[in-house]
1. Contact order normalised by length for the stretch 2-234, with contacts defined as Cα pairs under 8 Å and 6 or more residues apart; what percent is it?
2. Where both residues lie in the stretch 96-195, what percent of DSSP beta bridges are antiparallel, nearest 5?
3. Amide H to amide H, which residues 5 or more places from Thr36 or on other chains are under 5 Å from it, using H placed in the peptide plane?
4. To the nearest 20 debye, what is the magnitude of the charge dipole of the chain about its Cα centre, counting +1 on the Cβ of each Lys and Arg and -1 on the Cβ of each Asp and Glu?
5. Once phi is turned into θ = phi - 60°, what whole-Hz ³J(HN,Hα) does the Karplus curve with 6.51, -1.76 and 1.60 give for every residue of the stretch 241-247, x standing for Gly and Pro?
6. Kindly state, to the nearest 0.05, the FRET efficiency for Lys52 paired with Gln78, given R0 = 35 Å and r defined as their beta-carbon distance.
7. Go ahead and set up a Gaussian network model of the chain, Cα springs under 10 Å, then flag whichever of Lys52, Lys27, Lys242 fluctuates most.
8. Which one, Ile187, Phe169, Ser228, projects farthest toward the positive side of the charge dipole computed for the stretch 120-254 from Cβ point charges (K/R +1, D/E -1)?
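The values are calculated or read from the model by the stated rules, or taken from the named source; none is laboratory data. All of these numbers come straight from a predicted model, not from anything done at the bench. Cβ placement follows ideal geometry from the backbone for every residue including glycine, while neighbour counts extend to all protein chains displayed. Note: accessible area is taken over every heavy atom of the protein model, side chains too, but ligands, DNA and RNA are not part of it. Shrake-Rupley method; radii C 1.70, N 1.55, O 1.52, S 1.80 Å.
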Amino acid sequence: MEVIVSQAKARISVLAAQMIATLVKRKPRAVIGLATGSTPLGTYRELIRMHKEEGLDFSRVVTFNLDEYVGLPPTHGQSYRHFMDTNLFSQINIRTENTHLPDGMAPDAAQACRAYEDRIRDCGGIDLQLLGIGANGHIAFNEPGSPPGSRTRVETLTEKTRSDNSRFFRSMHEVPRYAITMGIGTIMEAHSIILLASGRQKAEAVAAAVEGPVTAGCPASALQLHASVTAILDRAAAGKLKGAYPSEPQKPIV
Ligand code: F6R
């Protein structure tokens, strides 16, 4: 795993956006895996800026998000579809039909999960996957204990994750108990992966993911087995790492 530790959160957002932009320029039909949550917001803002000011063209780009809450319709203010439409898709020239999220309202969730995997495969697989990390080491909604070979499926959210995410809901009671998530195995098939983390609340999970043993107890540690992962961290998130790492990429990752 290549690790980059930058001083500021703003810089990690820009670095991730530059990597995505490099891919999109080289491969206009790029298939990009996207995440929701607080972490990628700065990256999305930078991609919007690049589109508006520099003409970065998303017209042929295809996206697949990592996850979606079960039971929230796309119009719900906390659905991940709504998050993506608001924070990225509506502000760039991507075609809605090229943007994919798991269907959290599907009457047959298992079938929706299989269809999601098929769609990723039909589009040629994911070129670059952007990931955040949970304070418990989850990636997407693969909670601790998730099998490394897991595929897209319905996952029960842990109380830790529900309480971390309750800040976006009026009460803990409203936080969904289930989500459809890409599996660790699905994520590991992406050609390249960027793991973004900021803030000291992520420091323990980051240390376990980057320098700890590969264990189902820290789902993100599976990334150590992938050939092309770049972890882009701010100083706070890197606070519990033992190694010394550069502050800028040493080589292009895409
Ligand atoms: C979101 C996702 C989650 C988040 C993680 C960190 O699509 O898959 O794994 O990346 O929970 O969330 P934030 O960025 O809000 O700290």
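1. 25
2. On the way: 5 of 9 bridges.
Percentage antiparallel, nearest 5: 55.
3. Amide H to amide H, under 5 Å and 5 or more residues apart or across chains, Thr36 pairs with Leu66.
4. 480
5. Per-residue couplings from phi come out as 7, 8, x, 9, 10, x, 9 Hz.
6. On the way: r = 27 Å, r/R0 = 0.77.
Step by step, r from the Cβ atoms, then E = 0.85.
7. Comparing Lys52, Lys27, Lys242 in the GNM, the peak value goes to Lys242.
8. Checking the options against the dipole of the stretch 120-254, the answer is Phe169.
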